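> Sharing a structure here in structure tokens format.
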Amino acid sequence: MRAGRFVAPFKRDRMTWIKPSFRWMMYRCGWGAKPGQERILAVEITRAGFEWALAHACISHYEPGAGETREEWGRRLRHSPVRVQWDPERSLQLAALPYRSLQLGLGGEAVPRYVDEWTVAIRDVT
């Protein structure tokens, strides 16, 4: 990324994802072979930004017995700028492994924070 920042065609009005797992990222983009996903970027963000995202996150699915009703969870999800997902980690052959990797979906106020405040460096690691 020549600019070292997110620039067009990056869209601030859609959800973007932080995927700390390299193999999960490679799984999602088909090892850089999916159309429109041929470049793999390593994005370095601040610890404070990552902690803000976690503090303002809501898990992406309802967990019965977690201390809130489905309706309460639904309201929290609708108002949360960050979503947490846990997806199966992947092997080098892209097979699902028996443990999960964190993904954070950023929307709303989290996106400009990510783009303008938290991003320290962007490297093309294709």
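The numbers here are math on the coordinates, done by the rules we state, and not lab data. Everything numeric here is computed off the predicted structure, so don't read it as measured data. Positions of Cβ are generated from backbone atoms using ideal geometry, with glycine treated the same way; all protein chains shown enter the neighbour counts.
> Among the residues of segment 49-56, are any assigned to a loop (DSSP other than H, G, I, E, B) and on the phi < 0 side of the Ramachandran plot?
Scanning segment 49-56 turns up at least one residue that is assigned to a loop (DSSP other than H, G, I, E, B) and on the phi < 0 side of the Ramachandran plot.
For (1) of a type in the set (V, I, T); (2) in contact with a Phe, Trp or Tyr (Cβ under 7 Å, 6 or more places away or on another chain); (3) closer than 21 Å to F6 by Cα, each residue gets a yes or a no:
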residue: R39; (1), (2), (3): no, no, yes
residue: T69; (1), (2), (3): yes, no, no
residue: S80; (1), (2), (3): no, no, no
residue: Q103; (1), (2), (3): no, yes, yes
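> Looking only at residues in segment 57-106 that are touching a residue at least 60 places away in the same chain (Cβ under 8 Å), touching a Ser or Thr at 6+ places or on another chain (Cβ under 6 Å) and of a type outside the set (D, E), which one is farthest from K11 (Cα to Cα)?
Looking at the filtered set, the residue picked out is S101.
> Also, quick follow-up: Got a sec? Which of R70, R83 is basic (K, R) and under 13 Å from the mean Cα position of the chain (by Cα)?
From the options R70, R83, the qualifying one is R83.
> Right, another one. So, in segment 35-77, how many residues would count as being touching a strand residue (DSSP E or B) at 6+ places or on another chain (Cβ under 9 Å) and not aliphatic (A, V, I, L, M)?
Total meeting the criteria: 12.
> Next up: Please enumerate the residues belonging to segment 17-42 that are closer than 26 Å to W52 by Cβ and either in contact with a helix residue (DSSP H, G or I) (Cβ under 6 Å, 6 or more places away or on another chain) or assigned to a loop (DSSP other than H, G, I, E, B) (or both).
Selection gives K19, P20, S21, I40.
> Next up: Contact list please: Cβ distance under 7 Å, first residue in segment 2-22 and under 19 Å from Q103 (Cα atoms) and touching a residue at least 12 places away in the same chain (Cβ under 8 Å), second residue of a type outside the set (A, V, I, L, M) and assigned to a loop (DSSP other than H, G, I, E, B), pairs at least six apart or on different chains.
From residues that are under 19 Å from Q103 (Cα atoms) and touching a residue at least 12 places away in the same chain (Cβ under 8 Å), the pairs are M15/G107.
> Just a yes or no: is a residue in segment 94-110 part of a helix (DSSP H, G or I) and within 15 Å of the chain's Cα centre (by Cα)?
For segment 94-110, residues part of a helix (DSSP H, G or I) and within 15 Å of the chain's Cα centre (by Cα): present.
> Next question, about the same structure. Considering only residues that are among the basic types (K, R) and more than 15 Å from the chain's Cα centre (by Cα), look in segment 1-46 and name the one that is surrounded by the fewest Cβ atoms within 10 Å (Cβ to Cβ). Full working, then the answer.
The first filter runs over segment 1-46 and keeps only residues among the basic types (K, R), leaving 2, 5, 11-12, 14, 19, 23, 28, 34, 39.
Pick out the ones that are also more than 15 Å from the chain's Cα centre (by Cα) and you get 2, 5, 34, 39.
Values: R2: 7, R5: 12, K34: 10, R39: 11.
Residue satisfying both the conditions and the ranking: R2.
> Using the structure shown, decide if E89 is outside any helix (DSSP H, G or I), touching a helix residue (DSSP H, G or I) at 6+ places or on another chain (Cβ under 8 Å) and surrounded by 12 or more Cβ atoms within 10 Å (Cβ to Cβ). Steps first, please.
On the way: outside any helix (DSSP H, G or I): yes; touching a helix residue (DSSP H, G or I) at 6+ places or on another chain (Cβ under 8 Å): yes; surrounded by 12 or more Cβ atoms within 10 Å (Cβ to Cβ): yes.
When the stated conditions are applied, E89 passes them.
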